[in-house]
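Chemist: Sending over a structure as structure tokens; questions will come in a sec.
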Amino acid sequence: MQKTVLTYGTFDLFHIGHLSLLQRLRALGDRLIVGVSTDEFNEIKGKKTVVPFSDRIEIVGALRCVDLAIPEENWEQKVGDIQRHNIAVFGMGSDWEGRFDELKLHCEVVYLPRTEGVSSTHIRKTLKVLDRSHVRELKQALDLISSIVERFD
Ligand code: CTP
């Protein structure tokens with residue numbers, strides 16, 4: 001019988017940490033199903049993405065290691081998804097360690113190590129720093145500082 005693995009995530013600004021996690025999860029079984037958080041669900045979680053849900057689910061669903069991408073709309077859908085898709089393994093990155101242990105009643109639960117040094121939050125922050133208006137603000141601050149320093153010359 002086929003062994004199906006399930007995971008969930010936002011996958012904003014898809015990066016190497018996402019790819020590595022999905023490839024490692026897929027290697028635990030024969031099929032990988034990925035729940036991609038909708039924009040409405042992210043709002044509940046207090047997360048604002050750069051890339052909209054329709055694009056994020058299309059990107060994740062197009063990966064060779066992903067067999068099916070489904071919407072993640074709330075915290076409560078996991079048990080229903082596990083039963084509906086006959087899931088053998090539920091897996092997340094280690095930042096979620098212990099958070100889904102109650103699912104052990106329904107399938108195997110694993111937490112895999114995160115890839116160091118990369119996250120959507122970090123990329124979002126970098127983009128903000130590079131934003132034109134932010135660079136303008138920094139330049140104005142620098143001009144102000146040099147005009148103050150000049151007074152003490
Ligand atoms: N993940 C990972 N390694 C990373 C970043 C994420 O293994 N460097 C995993 C997470 O543990 C999670 C999945 O990828 O199981 C989806 O995570 P997501 O929250 O979408 O990615 P992050 O980059 O952590 O996003 P954010 O910074 O917005 O939380």
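The values are calculated or read from the model by the stated rules, or taken from the named source; none is laboratory data. Computed from a prediction, not measured in an experiment: that's the story for all the values here. Note that each Cβ is placed from the backbone with ideal geometry, even for glycine, and that neighbours are counted across all protein chains shown. Each accessible area value is taken on the protein alone, full model and side chains, heavy atoms only, with ligands, DNA and RNA left out. Shrake-Rupley method; radii C 1.70, N 1.55, O 1.52, S 1.80 Å.
Chemist: What is the count of Lys pairs in the chain whose alpha carbons sit under 19 Å apart, if the two are 8 or more places apart or on different chains?
Modeler: For the chain, qualifying lysine pairs total 11.
Chemist: If you don't mind, another one. How many percent of the alpha carbon pairs in the chain exceed a separation of 23 Å?
Modeler: Pairs farther apart than 23 Å: 45 percent.
Chemist: For the stretch 1-135, what is the accessible area per residue in Å², given a 1.4 Å probe and the full set of protein chains?
Modeler: 57
Chemist: Working from Cα positions, state the angle (0 to 90°, nearest 10) between the long axis of helix 120-130 and the longest principal axis of the chain.
Modeler: 20
Chemist: Of ASP12, ASP39, ASP95, which has the largest mean-square fluctuation in a 10 Å C-alpha GNM of the chain?
Modeler: ASP95
Chemist: Can you give me the orientation-averaged projected area of the convex hull built on the Cα atoms of the stretch 20-72, in nm²?
Modeler: The Cα convex hull of the stretch 20-72, projected and averaged over all directions, gives 3.8 nm².
Chemist: Another one. What number, in percent, do you get for the relative contact order of the stretch 1-149 if the mean sequence gap of Cα pairs under 8 Å and at least 6 apart is divided by its residue count?
Modeler: The normalised contact order for the stretch 1-149 reaches 27 percent.
Chemist: Between THR115 and ASN74, how high is the FRET efficiency from 1/(1 + (r/R0)^6) when r is the Cβ-Cβ distance and R₀ = 35 Å? Nearest 0.05.
Modeler: According to the calculation, E is roughly 0.80.
Chemist: In a Gaussian network model over the chain where Cα atoms closer than 10 Å are linked, find which of GLY61, GLY117, GLY91 has the largest mean-square fluctuation.
Modeler: Looking only at GLY61, GLY117, GLY91, the largest GNM fluctuation is found for GLY117.
Chemist: Would you give the gap between the C-alpha center of the stretch 1-51 and the C-alpha center of the stretch 73-146, rounded to a whole Å?
Modeler: Cα centroid of the stretch 1-51 versus Cα centroid of the stretch 73-146: 9 Å apart.
Chemist: Whenever you get a sec, compute what percent of the accessible area on the chain sits on carbon and sulfur atoms (1.4 Å probe).
Modeler: 56
Chemist: Go from 0 up to the bin containing the longest alpha carbon distance in the stretch 95-141, width 5 Å each, and give me the % of pairs per bin.
Modeler: Bins of 5 Å from zero give 4, 17, 14, 12, 11, 10, 9, 8, 7, 5, 3, 1 percent of pairs.
Chemist: With a 1.4 Å probe and all protein chains kept in place, how much accessible area does THR115 have, in Å² rounded to the nearest 10?
Modeler: For THR115, solvent-accessible area is about 50 Å².
Chemist: Per-residue ellipticity at 222 nm for the chain, helices alone: DSSP H runs ≥ 4 residues times -39500 (n - 2.57), over residue total, nearest 500 deg cm²/dmol?
Modeler: Mean residue ellipticity, 222 nm, calculated: -13000 deg cm²/dmol.
Chemist: At 1.4 Å probe size, put SER37, SER146 in order of accessible surface, largest to smallest.
Modeler: Result, largest first: SER146, SER37.
Chemist: When the label point is put 7 Å from the Cα of ASP153 along its Cα-to-beta-carbon vector, which residues of the stretch 127-144 have a backbone N closer than 15 Å?
Modeler: Hits in the stretch 127-144 for ASP153 at 15 Å: 143-144.
Chemist: Moving to a separate point now. Would you work out the Kirkwood radius for the stretch 56-145? I mean one over the mean of 1/r across all pairs of different Cα atoms, in Å.
Modeler: 16.9
Chemist: Where both residues lie in the chain, what percent of DSSP beta bridges are antiparallel, nearest 5?
Modeler: Counting DSSP beta bridges with both partners in the chain, the antiparallel share is about 0 percent.
Chemist: When Lys and Arg each count +1 and Asp and Glu each count -1, what net charge do the other residues less than 14 Å away from GLY117, Cβ to Cβ, add up to?
Modeler: Charge balance near GLY117 sits at 0.
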